[in-house]
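Peer 1: Just dropping this structure here.
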Amino acid sequence: MSTVLVTGGAGFIGSASVAELLAHGHRVAVLDDLSSGRRENLPEGAELFVADVADAGSVRAVFRQVRPERVLHLAAQISVSRSVREPAADARVNVVGLLHVLEAAREAGTRRVVFASSGGVLYGEVERPAVEEQALAPISPYGIAKWAGERYLEFFAREHGIEGVALRYGNVYGPRQDPHGEAGVVAIFSGRLLAGEPPQIHGDGENVRDYVYVEDVARANRLALEAEAGSLLPGGGAPFVAFNVGTGRGTTVNRLVALMRQALAEVAGGDAPAAVHGPARPGDLRSSLLDPGRIGRRLDWRPQVALEEGLRRTLRWFAARREAIAPAGDAML
Ligand SMILES: NC(=O)c1ccc[n+]([C@@H]2O[C@H](COP(=O)([O-])OP(=O)(O)OC[C@H]3O[C@@H](n4cnc5c(N)ncnc54)[C@H](O)[C@@H]3O)[C@@H](O)[C@H]2O)c1
């Protein structure tokens, strides 16, 4: 058991991670500016500090009060298209915010920082599941910031001995994801299907993604926080390591919609509308897949929730809150 500070803990992946950490006996504090996260996402037992990671003074004050041994850094500006329109605003949170967390961690004597990186935006187009050693090729400011974040973690590991773990997530889906965002195609399609509206697919729907259920991701986060340093990095050296957190299995958007319509029939009954296709979006990857072999070998993490089951759980969650969700807009893929 240790004291963990989760930045972005009131968000989608954050709140699932906070629940997972509390269930395993950790003391959990959350730093979140509630820009997209919600207070009501937080389970009982986590102390919330409303603060902006871009504000160095507030971050330092939270660290001084909490004195975390370990940090899970999830707080971020998560919109890739916003990062393209406003790269400086993206970097303010995603680069400078991370640096504030790392500097405060050094001052507070924090031992390890686990950082939410991203597979798809770092590896670019792949034909088979990407491995961590593969060359990284971020093309959006969002991806460039994740890439830089990993380098800063590596620097703080080498220079200051703070253990750094970058987790490169696939397409995370599950309850509490924002159905109004631009990403999170499962949440967007859930909103539309439950409103009786057809999901909108950009292009032919044959784009392939690696969907990973949020509770599996929360468990990967916990294992990365808890692991012995020796199992993170069997070879020793500067304590920085990157892990893919995906399934290695690809699903096309067309198949995803078919599975969601089937899951909806099981969960809520009735016939869901078929998808409609619009023009392809420039810049969308054809295929993004992550090989989870390294995290399997070193942390004994394997995805446990199959896509069909994860979709049922997600639709059930959204169906229970149907009135609260207005029909959602555009899809990501
Ligand atoms: N969802 C995915 O598929 C996915 C894939 C790859 C990486 N990630 C990364 O995982 C992390 C969590 O993403 P999510 O999907 O849960 O999104 P989310 O928007 O639900 O979570 C982000 C959280 O950070 C908070 N936040 C934003 N800006 C902040 C700031 N300046 N100061 C303090 N808090 C701030 C938000 O209020 C929110 O609670 C992000 O770093 C994201 O880049 C997500």
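The values are calculated or read from the model by the stated rules, or taken from the named source; none is laboratory data. If you're wondering where the values come from, they're calculated on a predicted model, not measured in any experiment. Virtual Cβ from ideal backbone geometry, glycine too; neighbours counted across all protein chains shown.
Peer 1: Residues of the stretch 1-46 being more than 10 Å from the ligand (Cβ to nearest atom), in a strand (DSSP E or B) and of a type outside the set (Ser, Thr, Tyr), which ones?
Peer 2: Hits for the stretch 1-46 are 4, 5, 27, 28, 29.
Peer 1: Given (1) surrounded by 15 or more Cβ atoms within 10 Å (Cβ to Cβ); (2) farther than 14 Å from residue 75 by Cβ, where does residue 25 come up short, assuming only one miss?
Peer 2: If we test residue 25 against (1) surrounded by 15 or more Cβ atoms within 10 Å (Cβ to Cβ); (2) farther than 14 Å from residue 75 by Cβ, just (1) comes out false.
Peer 1: Which members of the stretch 270-284 meet the condition of being surrounded by fewer than 12 Cβ atoms within 10 Å (Cβ to Cβ), under 28 Å from the mean Cα position of the chain (by Cα) and of a type in the set (A, V, I, L, M, F, W, C)?
Peer 2: Across the stretch 270-284, the qualifying residue is only 276.
Peer 1: If I filter the stretch 135-160 down to residues being over 17 Å from the mean Cα position of the chain (by Cα) and basic (Lys, Arg), which single residue comes out as nearest to residue 121 (Cα to Cα)?
Peer 2: Among those residues, the one meeting the criterion is 151.
Peer 1: Related question: Taking residue 183, is it in a helix (DSSP H, G or I) and among the small types (Gly, Ala, Ser)? Write out each step before concluding.
Peer 2: Numbers: in a helix (DSSP H, G or I): no; among the small types (Gly, Ala, Ser): yes.
Taking the combined requirement at face value, the residue does not satisfy it.
Peer 1: So, one more: Looking at 238, 272, 268, 258, can you tell me which residue is in contact with a Lys or Arg (Cβ under 6 Å, 6 or more places away or on another chain), more than 28 Å from residue 136 (Cα to Cα) and either among the small types (Gly, Ala, Ser) or in the same structural domain as residue 20 (by TED's automatic domain parsing) (or both)?
Peer 2: 272
Peer 1: Does residue 208 satisfy the condition of being touching a strand residue (DSSP E or B) at 6+ places or on another chain (Cβ under 7 Å), under 19 Å from residue 290 (Cβ atoms) and surrounded by fewer than 20 Cβ atoms within 10 Å (Cβ to Cβ)?
Peer 2: yes
Peer 1: Continuing with this model, one more query. Of the conditions (1) within 27 Å of residue 230 (Cα to Cα); (2) touching a residue at least 40 places away in the same chain (Cβ under 8 Å); (3) outside any helix (DSSP H, G or I), residue 139 satisfies every one except a single condition; which number is it?
Peer 2: (1)
Peer 1: Residues 67, 85: which one is more than 8 Å from the ligand (Cβ to nearest atom), in contact with a Gly (Cβ under 9 Å, 6 or more places away or on another chain) and either in contact (Cβ under 8 Å) with a residue 24 or more places away in the chain or under 30 Å from residue 286 (Cα atoms) (or both)? Walk me through how you get there before you give the answer.
Peer 2: Details: 85 fails: in contact with a Gly (Cβ under 9 Å, 6 or more places away or on another chain).
Just one listed residue meets the conditions, 67.
Peer 1: Could you check the stretch 200-283 for strands (runs of 3 or more DSSP E) lying wholly inside it with 3 or more residues that are within 25 Å of residue 123 (Cα to Cα)?
Peer 2: 211-213, 240-245
Peer 1: Given (1) surrounded by fewer than 16 Cβ atoms within 10 Å (Cβ to Cβ); (2) farther than 30 Å from residue 284 by Cβ; (3) more than 9 Å from the ligand (Cβ to nearest atom), identify the lone condition not met by residue 55.
Peer 2: Tallying (1) surrounded by fewer than 16 Cβ atoms within 10 Å (Cβ to Cβ); (2) farther than 30 Å from residue 284 by Cβ; (3) more than 9 Å from the ligand (Cβ to nearest atom), residue 55 fails exactly one: (3).
Peer 1: Kindly list the number of the only condition in (1) away from the ligand (no atom under 12 Å from the Cβ); (2) under 21 Å from the mean Cα position of the chain (by Cα) that fails for residue 77.
Peer 2: Among (1) away from the ligand (no atom under 12 Å from the Cβ); (2) under 21 Å from the mean Cα position of the chain (by Cα), the lone unmet condition for residue 77 is (1).
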